[in-house]
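One structure is given here, and the rest of the page talks about it.
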Amino acid sequence: MTEPVYGHLEFPAAPAERPYAYINMVTTIDGKSVTGMRTEDVQDLGSSLDHATMRTIEATADAVLIGAGSLRATAKLQYAPRLARFVVSRSGDLDLSSPFFVKSPENAWVVTARAGAKRLEGRAHCLVAGEADVDLTEALRRMRVEMGIGRLLIEGGSELNASLLALDVVDELFLTLAPLVKLGRTTPTYADGEALSRGALLGFGLLSSISVGDEVFLRYKRLR
Ligand SMILES: NC(=O)c1ccc[n+]([C@@H]2O[C@H](COP(=O)([O-])OP(=O)(O)OC[C@H]3O[C@@H](n4cnc5c(N)ncnc54)[C@H](OP(=O)(O)O)[C@@H]3O)[C@@H](O)[C@H]2O)c1
């Protein structure tokens with residue numbers, strides 16, 4: 001059996017106003033985060049070691065955060081019952097019969113704005129932040145201050161990652177490079193969203209780089 005990529009993962013204490021936040025994703029060498037279409041799941045991108053590594057990283061978190069597009073693409077998505085899990089959705093258009101909501105339902109939350117919450121009223125736990133648009137800064141503040149969440153794992157997709165990176169509230173990036181090339185001008189990447197200006201690029205320092213077979217497991221820390 002292959003050794004786990006990460007032994008004991010350590011993280012600094014969370015700041016007072018938000019959880020310590022880290023993204024984990026797997027991409028092709030050309031940076032794409034899907035193998036099929038954006039609306040389809042991506043079970044076939046990382047190896048079994050990458051999947052095991054995902055579970056290792058999940059085990060370090062108090063909560064996991066994903067975008068609604070990822071949940072719609074992977075209807076069977078589920079997590080360890082102890083993990084608080086949040087899905088960000090402006091629309092509130094979610095399949096509430098999916099395992100994400102049905103398994104340990106007390107731990108499943110929708111991060112949404114006032115309009116989305118209205119759509120879900122009485123049917124899902126909502127963390128309401130913002131009126132028309134979701135205020136992610138406020139949502140993270142409430143996770144930390146009201147719910148006591150110290151470590152937050154973000155598992156994509158590209159739009160959610162970009163929103164959080166643009167707010168500069170992501171402390172670490174885990175990236176598995178899978179030995180594949182996908183191509184496509186509009187194929188989702190690690191993070192899409194709006195481009196940052198030349199002077200506003202975010203800098204990261206490499207914490208570790210571990211290669212196993214043809215895959216590379218990278219861990220970066222935000223330099224502030
Ligand atoms: N390779 C990997 O490691 C990996 C990991 C995860 C996902 N994926 C793949 O990535 C694809 C999905 O990525 P994606 O970029 O299309 O979708 P996504 O980021 O998962 O979700 C986008 C949706 O999330 C909500 N959302 C995101 N940011 C928001 C914000 N700032 N404010 C309000 N709502 C926000 C919106 O939901 P509403 O539309 O409901 O308003 C938006 O349409 C899927 O194919 C999935 O399988 C790959």
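Assorted remarks:
- Note on the stretch 99-117: among residues that are among the charged types (D, E, K, R) and either part of a helix (DSSP H, G or I) or in contact with a Leu (Cβ under 9 Å, 6 or more places away or on another chain) (or both), the one that is surrounded by the most Cβ atoms within 10 Å (Cβ to Cβ) is 114.
- Flag if residue 159 is more than 22 Å from residue 73 (Cα to Cα), within 15 Å of the ligand (Cβ to nearest atom) and surrounded by fewer than 21 Cβ atoms within 10 Å (Cβ to Cβ): no
- Qualifying position, being in contact (Cβ under 8 Å) with a residue 40 or more places away in the chain and over 18 Å from the mean Cα position of the chain (by Cα), among 13, 73, 84, 21: 13
- Matching entry among 85, 90 (being among the basic types (Lys, Arg) and not in a loop (DSSP other than H, G, I, E, B)): 85
- Residue tally, condition within 12 Å of the ligand (Cβ to nearest atom), assigned to a loop (DSSP other than H, G, I, E, B) and among the hydrophobic types (A, V, I, L, M, F, W, C), over the stretch 118-138: 3
- Selection from the stretch 7-58 of residues that are within 11 Å of the ligand (Cβ to nearest atom), of a type in the set (Asp, Glu) and within 22 Å of residue 210 (Cα to Cα): 44, 50
- Selection from the stretch 39-71 of residues that are buried (at least 18 other Cβ atoms within 10 Å of the Cβ), in a loop (DSSP other than H, G, I, E, B) and among the charged types (D, E, K, R): 62
- Considering each residue of the stretch 139-156 in turn, at least one proves to be on the phi < 0 side of the Ramachandran plot, within 11 Å of the ligand (Cβ to nearest atom), of a type outside the set (S, T, N, Q) and part of a strand (DSSP E or B).
- Residues of the stretch 168-224 that are surrounded by fewer than 16 Cβ atoms within 10 Å (Cβ to Cβ) and of a type in the set (Asp, Glu): 168, 194, 214.
Just so you know, all these numbers are worked out from the coordinates, no wet-lab data involved. Given the structure is predicted, the values throughout are model-derived calculations rather than measurements. Neighbour counts run over all protein chains shown; Cβ positions are idealised from the backbone, glycine included.
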